[in-house]
Structures are given as C-alpha cells and as structure tokens.
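Just so you know, all these numbers are worked out from the coordinates, no wet-lab data involved. Bear in mind the structure is a predicted one, so any value in this text is a computation, not a measurement. So basically every Cβ, Gly included, is an ideal-geometry build from the backbone, and we count neighbours across all protein chains shown.
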Amino acid sequence: MPNIVDAIVRVETFIISIPREVPYLGPLKEGEAINERGYLVRKGNRTIYPSTDMTLLVKVTGESGKVGWGECYGIVAPEATKAIIDDVLGPVIIGRDPADAVVIHEDLYDLMRVRGFFGGFYLDALAGVDIALYDLTGKVLNVPISTLLGGRRHDTIPAYVSGLPRATIKERCDLALEWVSKGYKGIKFAAAVSDEGIIAEMAALREAVGPDIDLMVDLHWKFEAAEAIRLIRRLEAYNLYFAEAPVQPENLDGQARVANGIGVPLALGEELRTTYEFRPRFEARAMSIVQPEIGHTGITEFIQIGRMAQAFHMNTIPHASISIGIFMAASLQAASTLQNLPYHEYQHSIFDRNLAHTTGNMGCAQGAYLLPTGSGLGVEPTEEIFRYAVRRSI
C-alpha cells in the first residue's frame, strides 16, 4: 500500500452570508425588490442574485489535524450545495488521501452521473471539496497549490475591473476614471444595468478613459445571435477589447455564430463546469477567450480547461464571482500556472472588502493581483467570518 499523505477524517460545511449596503451590480432599479429570502431579480437579465455576499465554505480535516479549506458557488440556495456535501460527497471520502485529488474528483463525478447530475449544484459541491483537498495536500507537503499543479509562471496577474456599480452613466464614468488613476488598464461594464443604452455607455466610457484602456462588456445572455452581432459590431468602433456572454449559454450554435460574425474576441464559460461542456465550444470555435469560474469547476477541472484552451490557441481570463476569498485564492493559484493569461477578473466590490475575512498576503493593487504565498492556498478564513455563518431553513 502507498503511504497516505494525510487520511481525511472529517468534512464540514458552512453557509456564510455577509451583509452589504449596495447589492451586487449596483443599486436596485425600478421594479426590483429584495424578497423575504434575501434575493432580487435583475430585470436586465432576468437572473436572481443574493442581496448579501453569500457563499459556502468547506472544511476538510486530516488525521494529522491539518485543515484544508474550500469554497464553492453558493450564492443561491446554498442549502442545496451544503446538503450534497454533507449527505453524499463528504461521507464517501472519509479515509481517502487528499493527495489523490484528481482521482477523488473522478470518483465523485461518477457517483451521480447515471442520474444526470453532471452539472449544476452537484458539480458546484464537488468544486468546493476539490479545492479543500488541494489546500490540505499543499499544507501537508508545505508547498503552494501552484507547485502541485506543475509550477508557477506568474507572481502577479493583471486584473481588470469588473463592474461599475453606480446609478448613472456619468457616475460610472467617474468611477472608471478612479480605477484608471489607480493603475488599472482594463474595465468591464454590465449590460444588465445599462439602462441608458449599451452603445451610449460604451461611447461615454471610451471618451472618459481615453484610447489606451481595455474596455469590455458583459452582455449577460440578453440577445439573439444576429442581434448580438449587430450590437458588438457597433461597439467595435469604440475599440472593444472583448464581448462576454452575448446569447443564452445553452445556445451553442448562437455562440459560434457570434464568434465568427464579429471582429473582436468573444469570451464565454463562467457557467460551465467541465471539459465535457467546454469541448464542443472549443471545437466550434465558439469563443477565443475562456472564462472558467473555479467556484463551479474546482481546481481539477479548471486546470484541464485552461490547458485545453492553450491547445486550441485561446486565452484564459478566469471569471470571479461572489466569494470570501477562498476560491479566489484557488483561482489565482491555478491561473498562475497557465501561459496564455492576459487578465483575471477583479470583482472589486466583493474582493476588497472580503479580504478582511481571510489571512495571508493576497491582494489587488496598481492593476494586478498579488498571489498569496505560503503552503496550500496561502490563505485561510479568519475566525471572525463565522459570525456570518447562518443556518437557513427552507
């Protein structure tokens, strides 16, 4: 029998809900309201969001007493993801070696595939466990996760500013200029809240920041393919850096039509979880920028997606969602090993304030992420974060 690095003895989960004054994507619009469960539906893209920074933490304890931390996409119905880990994934990995993270990932994926659970909440739960296993292994071996993945290429990663959560175009332009003055070279605005017009907002932003800043737009799955092509072609006149998520994510043919009908890079992938979902989009050339969200993919799939993107000569610009910083650290660790990495998304309204809830030296300043040093993820949740742990009844 091979030596076990550190047998798993316990798996625990914690729903975390951190209040915020302004909801994600900015102030509420007319007709938008927070319901009794704490959610709101954005009219601009008909998508539900939490009014707090809500997430799910995963704690895996080894026989040595060392702890690995994970975090997964838990912004809506985190009870579902928690139940999957508590009832299904956690119990079956007791006694397993966390250093077998890839093998464990494959085994856990197999558990429910014949029942159709090769996406959604099940894969989100698997992502959180996967991150925790890498963190525990790195701590036991006293190396960062980037070393476990083959080596770090980047100690810093350029960050693009994601979102301008202000009420008017003028206020959003002023905020963009603030970020430019801080050294940031890329800014993305959200079509879901472009009430004064997407073209008008792009034109105003370009005039405000000048010709040398990379401007991007998240179209939030709002358009039919021909509509998206027409819109993006008009945005190209303002030197658009990339367009993101123009059509519904299940519309593979539409994604490919848009990618082949525009003159700027198309970015996709935040809602996809596995190489099985990415592969047909690679083959169809449905994008040229790949956006894996590690809160959905975990480290095992993230790195395979990133390497597949490289094989298809595409760039990887990882997506970043609501997080207390644990899966952000995982994303930076994994992304640092990739070659074609022009940017990483920077959710400033989330990342900066939630840094107070993690230990370590991870940060973002002067246009770039500073990668955490130390073993494993290089960060841990503080004890203080657990005052935001909630037990929500369904």
**Asked** When the chain is fully extended, how far beyond the present Cα-Cα distance does residue 313 get from residue 28, taking 0.36 nm per residue of separation?
**Response** 98.6 nm
**Message:** Take residue 20 and residue 147, extend 7 Å from each Cα along the Cα→Cβ direction, and tell me the distance between the two endpoints in nm.
**Reply:** 3.4 nm
**Item:** Spin-label model distance (nm) - residue 43 vs residue 63, 7 Å beyond Cα toward Cβ
**Value:** 6.0 nm
**Asked** Which FRET efficiency value, to the nearest 0.05, is calculated for residue 365 and residue 251 with the Förster distance at 45 angstrom and r the Cβ-Cβ distance?
**Response** 0.70
**Item:** Whole-number percent relative contact order across the stretch 103-252, with pairs defined as alpha carbons under 8 Å at least 6 apart
**Value:** 16 percent
**Fill in**
Relative contact order in percent for the stretch 148-370 (Cα pairs under 8 Å, 6+ apart) equals 23 percent
**Message:** For a Förster distance of 56 Å, can you work out the FRET efficiency between the beta-carbons of residue 107 and residue 195, rounded to the nearest 0.05?
**Reply:** 0.70
**Asked** Which order results if 135, 352 are arranged by neighbouring Cβ count within 10 Å, fewest first?
**Response** 352, 135
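Filter the cross-link list 29/188; 43/170; 29/170; 29/222; 188/222; 59/182 down to pairs whose alpha-carbon distance in this structure exceeds 24 Å. If you can, show how the numbers build up before the last one.
Details: 29/188 20 Å; 43/170 21 Å; 29/170 17 Å; 29/222 17 Å; 188/222 16 Å; 59/182 36 Å.
Over 24 Å apart, Cα to Cα: 59/182.
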**Asked** Working out 0.36 nm times the residue gap between residue 4 and residue 275, then minus their Cα-Cα distance, what length gain in nm do you get to one decimal?
**Response** 94.7 nm
**Request:** Excluding residues on the same chain fewer than 8 positions from residue 82, give the aspartates and glutamates whose Cα lies under 17 Å from its Cα.
**Result:** 12, 53, 71, 124, 130
**Request:** Quote the relative contact order of the chain in percent (integer), defining contacts as alpha-carbon pairs under 8 Å separated by 6+ residues.
**Result:** 19 percent
**Asked** So what does log10 I(q)/I(0) come out to for the chain at q = 0.14 Å⁻¹, using the Debye formula with one equal point on every Cα and no solvent?
**Response** -1.26
